[in-house]
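Novice: Please find one structure pasted underneath; my questions will follow.
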Amino acid sequence: MSPTRLLAVARKELLQLRRDPRSLMLAFALPVLLLILFGYAISWDVRDIRAAVLDQDHSASSRDLVDAFRSSGYFTIVRFLARSAETGPLLERGGAQLILVIPPGFERDLGAGRAAPLQAILDGSDANTATIAQGYAEAVVRTWSSRAVLRGRSVVPPVDPETRVWFNEELASRNMIVPGLVAVIMMIIAAMLTSLTIAREWERGTMEQLAATPVSRLEVVLGKLLPYLAIGLIDVIVSSVLGVLLFKVPFRGSAALLMLLSACFLTGALGLGLFISAVARSQVLATQLAMIATFLPTLLLSGFMFSIRTMPAALRAISYLVPARYFLVVTRGIFLKGVGLEVLALQGLLMAVFATTGLGLAVSRFRKELQ
Amino acid sequence: MSAAVEVENLTKRFGDFVAVDAVSFSVETGEVFGFLGPNGAGKTTTIKMLTGLVPPSSGRGTVAGLDILRQGTEIKRHIGYMSQLFSLYADLTVEENIAFFSGLYGVPRERRAARRDWVLEMAGLQEQRGRLTGELSLGWKQRLALGCAVLHEPPVLFLDEPTSGVDPISRRGFWDLIYALAAGGTTVFVTTHYMEEAEFCHRLALMNRGKLIALDTPARLRQGLREPLLEARTSDGTRTIETLEKAPGVAQAGLFGRAVHVTLKEGEDVERDRARLAELLAGRGIEVESIEPIEPSLEDVFIALVEKTGGAVVD
C-alpha cells in the first residue's frame with residue numbers, strides 16, 4: 001500500500017467525475033430531487049377522504065352522525081345523494097371513496113334501543129386507502145354511538161384508553177420517508193457511480209495501462225472508492241439538513257453516529273458497486289446489474305416503501321439479505337428515536353460486516369492481470 | 001554488457017492452445033529490439049509475460065535483472081509499457097495524465113516538475129499542456145503515451161504496436177524519440193506491423209505460431225533469404241499469381257503493390273527461370289511489362305519465413 005499511488009488514483013477519479021455531467025447529476029441533483037419528490041408528492045397519510053352521504057332517514061340523529069364524520073377531520077363530505085341508484089355510478093367514477101348509507105328508521109331504531117343498521121360502501125380499488133378509511137369510519141361511528149347511547153348523560157366509562165404515539169407523534173409518513181430515503185439515495189450513488197467506474201476503464205482500454213504500472217488492486221479499489229465515499233457523506237448531510245429544515249423531520253440522535261454508520265454502509269455499497277463493475281466490464285451491463293442487485297431491493301425490500309411484516313414469507317426471507325433493511329433501522333432510530341449504539345449495536349455490527357464484505361468482494365474480483 | 005531482457009524456453013498455454021512455445025532470446029541494454037509476426041503469432045502474449053501481466057506456464061526469464069516468475073510486481077517499477085490501444089485518460093488534460101502516472105510510478109515529489117517538463121518538451125506538447133487529451137491528434141496522443149510510460153526513467157521500455165494508425169510523418173517523429181531514448185541507455189522492445197519500421201530496429205525477432213522463427217539484424221535477415229526473387233509487372237496481377245504459383249521452380253507468388261513478387265525454389269537459375277516464366281505468361285495471353293530479379297525486402301523475408309513455418313494462423 002502506497003499512499004502516493006492511492007491518492008493519485010483518488011485524484012484522477014475526482015477529476016474525471018468533475019468533467020462528467022451525467023455522474024455529477026447523479027451525485028448531487030438526483031438526491032435532492034428524490035428527497036423533494038418523495039417528501040412532497042408521496043404521502044401515505046390518509047386525510048380528507050372524499051365521502052358521499054345517502055341519508056334516507058332525514059332525522060336529527062342522521063344529520064348529527066354526518067356532522068360527526070365531517071368534524072372528524074378525516075372526511076370531506078362531497079355530495080349528498082338522493083337515491084341509492086346513484087351510489088354505483090359515483091363509486092365507478094371515483095367521485096367518492098366512501099359512501100355512508102343511513103337507512104330509513106335509523107332514529108326510530110335508536111330511540112327504541114334496537115341496533116340501528118348503518119352501511120358504509122368503500123371503493124376497494126385502492127385497498128390501502130379503503131382499509132384506512134374503513135378504520136376511521138368505524139372509529140367515528142363508535143364514538144358517536146356511545147354518545148348516542150348515553151343521550152347526554154355524563155358517565156365515567158370503565159376503561160378510557162389514552163393512546164399516545166411516540167417518536168412520530170403525528171404519524172406523519174414523511175418522518176418515515178426522509179430517514180429511509182437517506183439509505184436509498186446512498187445505495188443509488190454507490191451502485192450507479194461505482195458500477196460505471198471500473199467498467200469504463202475496461203471499455204476505454206485504460207485498464208491495460210493501469211495493469212502495467214506498479215499500482216495494486218487494493219490501491220485502485222480504495223482510490224476509486226474514496227471520492228465516492230466523500231460524495232455519499234455529503235449527500236447524507238444534505239438530505240438530512242433538507243429533511244429537517246424543509247420537512248420538519250425531527251433529528252434526535254447523534255449526527256456523528258449517523259455519519260459513522262453511513263460511512264460503513266456506503267463502503268459496503270461502493271464495494272458492491274465496484275464488484276459489479278468488475279464482473280460486468282461494460283458500463284451498460286454494470287448499470288443494469290447494479291439496478292437489479294442493489295437499487296431495487298433497497299427500494300422495495302428494505303421496509304422503505306412496504307412494511308416487511310406484511311410481505312410474503314419468501315420476500316421476507318430475502319429482505320434479511322438486504323443491507324439497507326438494517327441501515328433503515330439505523331437512520332430511523334437516530335432521526336426519530338434518538339437512540340445510540342446501545343440499541344443499534346447489532347445494526348452497527350452488520351454495517352461493519354457489510355463494509356468488509358463489499359470491500360473484500362471488490363478487491364478479490366478486481367483482477368488486475370489481463371488474461 | 002548484461003542483458004536487459006533474457007528468456008529461456010518461455011511457454012504459455014491456454015488450455016490445449018500453445019500461444020507461446022519455448023521461446024528463448026536475449027536483448028542487450030540500449031538495444032532497439034523489434035518483435036514481428038502475423039496476428040496470433042504470440043507477440044502480445046510474450047510481451048504480457050515479460051511485463052508481469054500474464055504468468056508464464058513454463059520456462060524462465062528476467063527483465064532488468066528481475067525474475068518474471070517471482071518478481072512481477074517489482075518488474076512493473078522498472079519498465080515502461082505502452083499498449084497498442086490509446087490508453088491514457090481522454091477526459092484528463094495532458095498535465096493531469098502526466099501527474100497521474102507520475103503518482104502511480106512513484107516519481108519522487110521533487111523530481112515531478114522536471115520530469116513533467118521533460119515529457120512536455122520531448123512530445124512537443126508545451127502548448128497543449130492544459131488541453132483535454134481526447135482532443136489531441138493521434139500522433140500527439142501516442143507521443144504523450146510514450147512520455148507517460150518513461151516518466152520514471154525505466155531501463156526497459158515495451159511498446160506494443162505504438163504507431164498503429166499514426167500518419168507516416170508522426171511515425172517518423174515517434175521513431176526519433178525511440179532512438180533518443182535508446183541512445184540514453186534505455187532498452188526498447190517494440191512490436192510493429194510496419195516493415196519500414198522494422199528496418200529501424202537494431203535486431204529483429206520473428207514469431208509465427210508461437211515459435212521464434214528468426215532472430216538477427218535486418219541486413220543479415222535479408223541476406224539470409226537464399227531463395228532468389230523475381231518481380232513481375234504484368235497486365236493482370238491476379239492471373240499472373242494463379243499461373244506462376246503452379247509453375248515448376250516457383251515456391252511462392254504474391255502481390256506487392258501493383259507488382260507480383262515470385263519466390264523461386266532454392267538453387268533455381270534466375271536468368272533461365274526469368275525467360276521461362278515470361279514465356280509462360282505470354283502463352284496465357286498476359287502482357288509482361290517486365291520481369292526482373294530483385295533484392296528481397298524485409299517483407300519478402302518475413303513472408304517467406306512465415307510460409308516456411310506453416311503460414312499465418314487465420315483467425
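Novice: Taking R0 as 56 Å, what FRET efficiency do you get between B:Ser235 and B:Ser57 from their Cβ-Cβ distance, rounded to the nearest 0.05?
Specialist: That gives a FRET efficiency of 0.60.
Novice: Could you provide, to the nearest whole Å², the per residue accessible area of the stretch B:3-222 with probe 1.4 Å?
Specialist: For the stretch B:3-222, the per-residue accessible area is 37 Å².
Novice: What percent does the relative contact order of chain A come to when contacts are Cα pairs within less than 8 Å and at least six residues apart?
Specialist: It comes to 20 percent, rounded to a whole number.
Novice: Rounded to the nearest Å, what's the spacing between the alpha carbon centres of the stretch A:248-280 and the stretch B:288-312? Just the number, please.
Specialist: The distance from the Cα centre of the stretch A:248-280 to that of the stretch B:288-312 comes to 66 Å.
Novice: Accessible surface of B:Phe256 in the full protein assembly, 1.4 angstrom probe, to the nearest 10 Å²?
Specialist: 50 Å²
Novice: In what order, largest first, do A:Leu289, B:Leu144 sit by accessible area if the probe radius is 1.4 Å?
Specialist: So, going from the largest accessible area down, we get A:Leu289, B:Leu144.
Novice: Considering amide H positions built from the backbone, and no H for Pro or chain starts, which residues 5 or more places from B:Ala214, or on another chain, come under 5 Å of its amide H?
Specialist: Residues meeting the amide H criterion: B:Leu206.
Novice: Accessible area of B:Lys265, 1.4 Å probe, to the nearest 10 Å²?
Specialist: Surface open to solvent at B:Lys265 totals about 100 Å².
Novice: Could you state the number of Å between the C-alpha centres of the stretch B:160-216 and the stretch A:318-361?
Specialist: Distance between centres, Cα-based: 57 Å.
Novice: At a Förster radius of 56 Å, what calculated FRET efficiency corresponds to the Cβ-Cβ distance of A:Met311 and B:Glu242, to the nearest 0.05? Walk me through the numbers before you get to the answer.
Specialist: Values: r = 75 Å, r/R0 = 1.35.
According to the calculation, E is roughly 0.15.
Novice: Over the stretch B:226-295, average the accessible area per residue using a 1.4 Å probe and give it in Å², no decimals.
Specialist: Roughly 57 Å² per residue, with all protein chains present.
Novice: Next question. Once the other residues with Cβ under 11 Å from the Cβ of A:Gly303 are scored (Lys, Arg +1; Asp, Glu -1), what is the net sum?
Specialist: +4
Novice: In what sequence, largest accessible area first, do B:Tyr194, A:Tyr40 appear using a 1.4 Å probe?
Specialist: From most accessible down to least: A:Tyr40, B:Tyr194.
Novice: Given the convex hull over the Cα atoms of the stretch B:98-197, what projected area results after averaging over all orientations, in nm²?
Specialist: Dividing the Cα hull surface by four gives the mean projection, 6.4 nm².
Novice: Please list the non-local residues whose amide H lies under 5 Å from the amide H of B:Phe256, H modeled 1.01 Å from N, same-chain partners needing a gap of 5 or more.
Specialist: Correct list: B:His261.
Novice: Counting only C-alpha contacts under 8 Å and six or more residues apart, can you give the relative contact order of the stretch B:3-222 as a whole percent?
Specialist: 30 percent
Novice: Turning to a different aspect of this structure: Pop the C-beta distance of B:Val288 and A:Glu203 into the FRET formula with R0 = 60 Å and round what comes out to the nearest 0.05.
Specialist: Given R0 = 60 Å and the Cβ-Cβ separation, E is 0.70.
Novice: Please compute the modelled spin-label separation between A:Thr76 and B:Ser137, points set 7 Å along Cα→Cβ, answer in nm with one decimal.
Specialist: 7.0 nm
Novice: Under 5 Å between amide hydrogens, which residues at least 5 positions from B:Val20 or on another chain qualify, with H placed 1.01 Å from N in the peptide plane?
Specialist: Those lying under 5 Å, H to H, from B:Val20 are B:Lys12.
Novice: Shifting gears a bit: With all protein chains present, how much of the accessible area of the protein assembly as shown (probe radius 1.4 Å) comes from carbon and sulfur, to the nearest whole percent?
Specialist: Solvent-exposed carbon and sulfur of the protein assembly as shown make up 57 percent of the total.
Novice: Per residue of the stretch B:80-88, in order, report the coupling 6.51 cos²θ - 1.76 cosθ + 1.60 (Karplus, θ = phi - 60°) as ³J(HN,Hα) in whole Hz, putting x for Gly and Pro.
Specialist: x, 9, 10, 8, 5, 7, 5, 10, 9
Novice: Enter the accessible area of A:Ser146 (Å², nearest 10), with the probe set to 1.4 Å and all protein chains included.
Specialist: That residue has around 60 Å² of solvent-accessible surface.
Novice: If you don't mind, there's one more thing I want to ask. Take B:Asp91, B:Asp16 and sort them by solvent-accessible surface of the protein heavy atoms, 1.4 Å probe, largest at the top.
Specialist: Largest to smallest exposure gives the sequence B:Asp16, B:Asp91.
Novice: Additional query: To the nearest hundred square angstrom, how large is the accessible surface buried between A and B, total for both chains, probe 1.4 angstrom?
Specialist: 2500 Å²
Novice: Taking each residue of A:185-197 in turn, how many C-beta atoms of other protein chains fall within 10 Å of its C-beta, and what is the average?
Specialist: 0
Novice: Which value at 222 nm does the protein assembly as shown reach when only helices count, each DSSP H run of 4 or more adding -39,500 (n - 2.57), with the total divided by all residues and rounded to the nearest 500 deg cm²/dmol?
Specialist: Dividing the helical sum by the residues of the protein assembly as shown leaves -15000 deg cm²/dmol.
The values are calculated or read from the model by the stated rules, or taken from the named source; none is laboratory data. Values in this document were obtained by computation on a predicted structure and should not be read as measured data. Positions of Cβ are generated from backbone atoms using ideal geometry, with glycine treated the same way; all protein chains shown enter the neighbour counts. Calculation scope for accessible area: heavy atoms of the full protein, side chains included, ligands and nucleic acids excluded. Shrake-Rupley method; radii C 1.70, N 1.55, O 1.52, S 1.80 Å.
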